[in-house]
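Participant: Quick one: the structure is below, questions incoming.
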Amino acid sequence: KMSVKTNVKTKLVTTSLLILDPRLQCRETVPEGIIREYEEGWKDKVNFPPVQVFEVEGELFVVDGFCRVMAASNIGKSKIPATVTRGTFSDAVRAACGANYAHGLRRTNADKRKAAMIAIAQFPDETTRALAEMCGVSHAYIGNLRDGERKIEKLIDQAAAGVVPELTPEPKPKPEKPPA
């Protein structure tokens, strides 16, 4: 028999060792109401799913479960279940960009945009389709964001060179139809 080695383990981890790195937070805003709900859940001994953590050079970075960790910390819970994966910080960023795509508190459009912008910035050489898959959005969405980024970069480069950027003219108002 061949055994398959894995770098993923689910275990209880000390809450104070979990790092909530803002570079891995793909929510635009932290939903305070959800944190309060989770605090009550922890107090009532609700069995939450394990938070997702990446162990990078001995440090534990949360990639999915920021609200659960915050709630547990707020009420002084010393240990919580976590699925710990060994990897690189880039691996952690990839996982964070897809967090809450298929479960948990539904992502807002702003959350999807933030995840996509983090992915575009961190992995500029990835294909549009690969980034879309990573973030759980359409490839057209990633393409539109990339196009917008390129336009902004061009404007910045023009301004730095002392060139007055060409702006798209305002659309002309349609003439009013005469009364019939």
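Participant: What does the charge count around P124 come to, taking other residues whose C-beta lies under 12 Å from its C-beta (Lys +1, Arg +1, Asp -1, Glu -1)?
Facilitator: -2
Participant: For the charge dipole of segment 111-155, defined by +1 on Lys and Arg C-beta atoms and -1 on Asp and Glu C-beta atoms about the Cα centroid, which residue among L155, T127, L145 has the Cα displaced farthest towards the positive pole?
Facilitator: L155
Participant: Starting at the first residue of segment 123-134, write each ³J(HN,Hα) from the Karplus equation 6.51 cos²θ - 1.76 cosθ + 1.60 with θ = phi - 60°, in whole Hz, x for Gly and Pro.
Facilitator: Taking θ as phi minus 60°, the curve returns 10, x, 8, 6, 5, 4, 5, 5, 5, 4, 5, 4 Hz for segment 123-134.
Participant: I've got another one for you. How much length would be gained if the chain were fully extended between E32 and E133, taking 0.36 nm per residue of separation minus their Cα-Cα distance, in nm to one decimal?
Facilitator: 33.5 nm
Participant: Work from the charge dipole of the chain (Cβ charges, +1 for Lys and Arg, -1 for Asp and Glu, about the Cα centre) and give the residue of P81, C26, G98 farthest towards its positive end.
Facilitator: My answer, from the dipole projection, is P81.
Participant: Report the antiparallel proportion of the DSSP beta bridges in the chain as a percent, rounded to a multiple of 5.
Facilitator: For the chain, the DSSP antiparallel bridge percentage is about 65.
Participant: At 1.4 Å probe size, with every protein chain present, just tell me what the per residue accessible area of segment 1-100 comes to in Å².
Facilitator: Computed with neighbouring chains in place, this is 58 Å² per residue.
Participant: Follow-up. Determine the dipole magnitude for segment 122-162: charges of +1 sit on the beta-carbon of Lys and Arg, -1 on that of Asp and Glu, nothing else is charged, the reference point is the Cα centre, and the result goes in debye to the nearest 20.
Facilitator: The dipole of segment 122-162 has a size of about 140 debye.
Participant: While we're on this one: Roughly how big is the chain's charge dipole about its Cα centre, with Cβ charges of +1 (Lys, Arg) and -1 (Asp, Glu), in debye to the nearest 20?
Facilitator: 600
Participant: Let me ask you something else. Given a 1.4 Å probe and every protein chain left where it sits, what share in percent of the accessible area of the chain is carbon and sulfur?
Facilitator: 54
The values are calculated or read from the model by the stated rules, or taken from the named source; none is laboratory data. Bear in mind that the values here come from a model prediction, so they are computed numbers and not experimental data. Here Cβ is always computed from backbone atoms with ideal geometry, including for glycine, and neighbour counts include all displayed protein chains. To get the accessible areas, we keep the full protein, side chains included, count just its heavy atoms, and leave off ligands, DNA and RNA. Shrake-Rupley method; radii C 1.70, N 1.55, O 1.52, S 1.80 Å.
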